[in-house]
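*Asks:* Below are the structure tokens for one structure; questions will follow.
The values are calculated or read from the model by the stated rules, or taken from the named source; none is laboratory data. This one's a predicted model, so the numbers in the text were calculated from it and none came from an experiment. With ideal geometry, Cβ positions are generated from the backbone for all residues, glycine too; neighbour counts draw on all protein chains shown. Only protein heavy atoms, including side chains, enter the accessible area calculation; ligands, DNA and RNA are left aside. Shrake-Rupley method; radii C 1.70, N 1.55, O 1.52, S 1.80 Å.
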Amino acid sequence: MNIIGLGDCGCRIAKEFSKYPQYTSWCINTDGEWGENFLKIKKQKSHEDYEKKPLRVKKFFSGMKGDVLFVLGGSGTISGASLRILEQIKKNRISILYIKPDIELLSGVKKLQERVVYNVLQEYARSAVFERMYIVENTSVEDIAGEVPIIGYNDLINSIIVSNFHMINVFQNSKPVVSTSSDPIGHARISTIGMLDMKEKKENMFFSLDIPIEKCYYYGINEEKLRSDGKLLRNITDQVKEKTSDKVKVSYAIHSTSYKEDYVYVVFHSSKIQK
């Protein structure tokens, strides 16, 4: 999979993905050193200037093949260039990973530009121009992480986001031991990810998704436990049934791992534009 990072936020996350061999990272920014696949573009004064300025990236991406995850932070002025870039790589199957900032801390102008990008990308995703749009909110990830020091804040938050996204991607592309999952509902393309605490039965989501209509749980269970625990399947199915309702389609997949600890990753899908 190709990870394209736009701006400081997107580039940091793209570089975090590059720690795993399954991804090829590409970075677009106005400054900094972002490795081999880096395109430096001219800094513009405003969000509108990025949107209006001709930006040619086809040559930069000429060797790129396969699916794309386009990563950006909504508060960055450079996010105004996102649609111009996405238009030129539309031959690829594109998903969006949108990092939503703490809105209360943004200035009036940045709030407006964040709202525009946030809503426009969702509309495109819901119309199936994009395969899917994942929304992640830094404050929600911070709540899950607990106390996060100032120095290293972004590194820790990004590491949590990327490691969870990576494990879900691995499970989605590998054969489970047991599964009831199927292809996501076609019109439910606004999504988020998170984790389930098996003991507390608590869902810790990276964004509070409004009106989810589908949930999928990916259980990563130690192989020895899968062989020896005769109550495990019943416990998992009972746990999943508790999350089921008439309005939400729920499925699960159980995967064998070599980890000592067991993990449960969650993906929520909605057809509703998130406000």
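*Asks:* Could you list, in sequence order, all residues of the range 135-147 that are in contact with a strand residue (DSSP E or B) (Cβ under 6 Å, 6 or more places away or on another chain) and in a helix (DSSP H, G or I)?
*Replies:* Within the range 135-147, the subset in contact with a strand residue (DSSP E or B) (Cβ under 6 Å, 6 or more places away or on another chain) is 135-137, 144.
Listed by number, the list holds a single entry, Ile144.
*Asks:* Counting just the residues of the range 159-192 that are of a type outside the set (Val, Ile, Thr) and under 11 Å from the mean Cα position of the chain (by Cα), which one comes out surrounded by the fewest Cβ atoms within 10 Å (Cβ to Cβ)?
*Replies:* Initially, the range 159-192 is screened for residues of a type outside the set (Val, Ile, Thr), giving 159, 163-167, 169, 171-176, 179, 181-184, 186-189, 191.
From what is left, the residues that are under 11 Å from the mean Cα position of the chain (by Cα) are 163-166, 169, 191.
Numbers: Ser163: 14, Asn164: 20, Phe165: 23, His166: 18, Asn169: 18, Ser191: 24.
Among residues in the range 159-192 that are of a type outside the set (Val, Ile, Thr) and under 11 Å from the mean Cα position of the chain (by Cα), the one surrounded by the fewest Cβ atoms within 10 Å (Cβ to Cβ) is Ser163.
*Asks:* Identify the single condition in (1) surrounded by fewer than 19 Cβ atoms within 10 Å (Cβ to Cβ); (2) within 17 Å of the chain's Cα centre (by Cα); (3) β-branched (Val, Ile, Thr) that Ile96 does not satisfy, given that it satisfies every other one.
*Replies:* (1)
*Asks:* A follow-up question, please. I need a count of the residues in the range 217-262 that are in a strand (DSSP E or B), over 20 Å from Val170 (Cα atoms), in contact (Cβ under 8 Å) with a residue 40 or more places away in the chain and open to solvent by less than 30 Å² (accessible area, probe 1.4 Å).
*Replies:* 0
*Asks:* Given the options Lys59, Lys15, name the one that is within 16 Å of the chain's Cα centre (by Cα), of a type outside the set (Val, Ile, Thr), farther than 23 Å from Leu112 by Cα and surrounded by fewer than 24 Cβ atoms within 10 Å (Cβ to Cβ).
*Replies:* On the way: Lys59 fails: within 16 Å of the chain's Cα centre (by Cα).
From the options Lys59, Lys15, the qualifying one is Lys15.
*Asks:* Something else: Restricting attention to the range 120-134, and to residues there that are in a helix (DSSP H, G or I) and open to solvent by less than 30 Å² (accessible area, probe 1.4 Å), which single residue is farthest from Gln88 (Cα to Cα)? Don't jump to the end; show me each part of the working.
*Replies:* Step one: filter the range 120-134 for residues in a helix (DSSP H, G or I), giving 120-126.
From what is left, the residues that are open to solvent by less than 30 Å² (accessible area, probe 1.4 Å) are 121-122, 125.
On the way: Leu121: 15, Gln122: 19, Ala125: 16 Å.
Per the stated criteria, the residue is Gln122.
*Asks:* Assess whether Ala81 counts as being among the aliphatic types (A, V, I, L, M), touching a strand residue (DSSP E or B) at 6+ places or on another chain (Cβ under 9 Å), under 19 Å from Lys275 (Cα atoms) and not in a strand (DSSP E or B).
*Replies:* Details: among the aliphatic types (A, V, I, L, M): yes; touching a strand residue (DSSP E or B) at 6+ places or on another chain (Cβ under 9 Å): yes; under 19 Å from Lys275 (Cα atoms): no; not in a strand (DSSP E or B): yes.
No.
*Asks:* Here is a follow-up. I'd like to verify a number: residues in the range 159-190 that are under 25 Å from Ile211 (Cβ atoms) and of a type in the set (Ser, Thr, Tyr), how many?
*Replies:* 3
*Asks:* Would you be able to say whether some residue in the range 158-179 is farther than 18 Å from Ile221 by Cβ, part of a loop (DSSP other than H, G, I, E, B) and not polar (S, T, N, Q)?
*Replies:* Looking for residues that are farther than 18 Å from Ile221 by Cβ, part of a loop (DSSP other than H, G, I, E, B) and not polar (S, T, N, Q), one finds none in the range 158-179, hence no.
*Asks:* Can you tell me which residue within the range 1-37, out of those that are touching a residue at least 60 places away in the same chain (Cβ under 8 Å) and part of a strand (DSSP E or B), is farthest from Phe165 (Cα to Cα)?
*Replies:* That would be Leu6.
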